[in-house]
Amino acid sequence: MKNPLNPAELNAALENVHRAGMPGLFAEVRDGDQVWRGAAGVADVATGRPVTADMRHRVGSITKTFTAAAVLQQVESGQIGLDTPIGHYLPRLVPGDRGDAITIRMLINHTSGLAEYLPYAYPSLKAFPDLANTGPQSLDDHRFTRFHSTELIEMGVAAPAVGTPGGTPGVYSNTNYLLLGELLEQVTGTTAVEYITRNVIERAGLRDTELPAEPYIDGPHSRIYEAWLGMIDPPRDYSVYDMSFVGPAASLISTVADLNRFFGMLLAGEIVGRSSLAEMQRTVPVISQEGKTIDYGLGLHPMQAPGQGTFWGHGGTVWGAGALAMTRADGRRQMSLAVNLQRWNRLDSSGRPQPHPIDGALAAFYRVAMYGSTEDAPLEER
């Protein structure tokens, strides 16, 4: 299992992603006491300003792991019951039989059956997640729109259910995590942002991580470019954006170093206890927003690296930005990566995303980063 870091291979693999069409990307890989950080490409396609490995970045749904950890802290303190119905805490938001049937666990692992609210908040996403029949128009319309989480939750709850409570496969839905944010507020007497900041972000000693209150990213950062499957050409910068449309589901700003620190501490039992971590690692099949069936726990997702065992972490995307953070089960090997372009694949005549050189180049980087090999063996989702 021992594969020391190879800086030359890591730098080359990162550069290959840039050459394949990614404007800019940066990463940190750790193996015990060894640390490699690298960056390739530009943070601004107009000026050529380079990306650097210490940049702050929107990391999308990696936020969910932070929110899940905060909820599990409250489970440990006895304030929340993991298998207690959400209707016990928030009867007005999830009323009636569904409020009695959907448990907190089902919200965290996406088996609640609650629909995604995004198509209702963003009219141009009318066929979401069928991206072939959507458009990017309302992305610009809502750059500075301030949403309140309860209005978004109401959209998701009112929409047709996507499954029965507890049924599998579950369906990935941001509605679940907005409800968890409201749950935290209900039981702690403070906002979800304040609780997660104090008890997860600050507890982990993360100096460059925040749930933003403003649409701007403070500190050194890259512009982030959305292509929307070729419908935005050239890709447009969405680095200034009000993230209230995803809140505790996907609004986090962080760095690759902070992400590695957080997941290392989480898997060491330093954010939640070992019994809570075991619950987080109990997975069920869930249909992702891309339509793939993945294994999903309580805010954690596993990947199997040949010869290296299981890595745990989460990925995330927002308009223009993407990130992936994975840590091996023993906590020794870690990888966090940030990219500044999203939805680079164009659609074929049947509406399916076409392969792009970025896909293969990213997969090759993951192989080098996670198990030190350039062999053409895939990482396996579990």
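The values are calculated or read from the model by the stated rules, or taken from the named source; none is laboratory data. All values reported here derive from a predicted model rather than from experimental measurement. Reconstructed Cβ throughout: ideal geometry from the backbone, glycine too, with neighbour counts over all protein chains shown.
The set of residues in the stretch 328-377 being in a loop (DSSP other than H, G, I, E, B), within 18 Å of LEU14 (Cβ to Cβ) and under 19 Å from the mean Cα position of the chain (by Cα) consists of ASN340, TRP344. Scanning the stretch 239-266 for residues that are among the small types (Gly, Ala, Ser), assigned to a helix (DSSP H, G or I) and in contact with a Gly (Cβ under 9 Å, 6 or more places away or on another chain) yields GLY247, ALA249, GLY264. Within the stretch 279-296, can one find any residue that is buried (at least 16 other Cβ atoms within 10 Å of the Cβ) and under 16 Å from ASP31 (Cβ atoms)? No, the stretch 279-296 has no match at all.
Of everything in the stretch 101-114, what is within 15 Å of PRO169 (Cβ to Cβ) and over 17 Å from the mean Cα position of the chain (by Cα)? Give them in sequence order. Scanning the stretch 101-114 gives MET106, THR111, SER112, GLY113, LEU114. Inspection of the stretch 81-89 finds no residue satisfying the criterion of being buried (at least 16 other Cβ atoms within 10 Å of the Cβ), of a type in the set (Ser, Thr, Tyr) and under 21 Å from the mean Cα position of the chain (by Cα). Filtering LEU10, LEU5 for residues that are modelled with pLDDT under 95, among the aliphatic types (A, V, I, L, M) and at negative phi leaves a single hit, LEU5. Against the definition (touching a Leu at 6+ places or on another chain (Cβ under 9 Å) and modelled with pLDDT under 95), how does GLY313 come out, yes or no? No.
If you check SER275 against the conditions, is it surrounded by fewer than 21 Cβ atoms within 10 Å (Cβ to Cβ), more than 30 Å from TYR225 (Cβ to Cβ) and modelled with pLDDT of 95 or more? Judged against the criteria, SER275 is a match.
Only one of the listed residues (GLY269, GLY230) is of a type in the set (Gly, Ala, Ser), free of Cβ contacts under 8 Å to residues at least 40 places away in the same chain and part of a loop (DSSP other than H, G, I, E, B). That residue is GLY269. Considered as a group, the residues in the stretch 9-39 that are among the aliphatic types (A, V, I, L, M) and touching a strand residue (DSSP E or B) at 6+ places or on another chain (Cβ under 6 Å) include one that is nearest to ARG332 (Cα to Cα), and that residue is VAL29. Just give me the residues in the stretch 155-178 being within 14 Å of ALA250 (Cβ to Cβ) and not small (Gly, Ala, Ser), in sequence order. Answer for the stretch 155-178, where residues must be within 14 Å of ALA250 (Cβ to Cβ) and not small (Gly, Ala, Ser): TYR172, ASN174, THR175, ASN176, TYR177, LEU178.
Considering only the stretch 213-227, I want to know if a residue exists there that is aromatic (Phe, Trp, Tyr), modelled with pLDDT of 95 or more, outside any loop (DSSP other than H, G, I, E, B) and touching a Phe, Trp or Tyr at 6+ places or on another chain (Cβ under 8 Å). Yes: the stretch 213-227 contains one or more residues that are aromatic (Phe, Trp, Tyr), modelled with pLDDT of 95 or more, outside any loop (DSSP other than H, G, I, E, B) and touching a Phe, Trp or Tyr at 6+ places or on another chain (Cβ under 8 Å).
With respect to (1) of a type outside the set (Phe, Trp, Tyr); (2) out of contact with any Phe, Trp or Tyr (no Cβ under 6 Å at 6 or more places or on another chain); (3) within 30 Å of GLU182 (Cα to Cα), the lone exception for LYS64 is condition (2).
Just one residue in the set ARG203, ARG207 is loosely packed, with under 14 Cβ neighbours inside 10 Å, in a loop (DSSP other than H, G, I, E, B) and among the basic types (Lys, Arg); that residue is ARG207. Under the condition of being buried (at least 24 other Cβ atoms within 10 Å of the Cβ) and within 19 Å of MET22 (Cβ to Cβ), the residues counted in the stretch 227-253 number 0. Among the conditions (1) modelled with pLDDT of 95 or more; (2) in contact with a helix residue (DSSP H, G or I) (Cβ under 6 Å, 6 or more places away or on another chain); (3) assigned to a loop (DSSP other than H, G, I, E, B), the only one that THR168 does not satisfy is (2).
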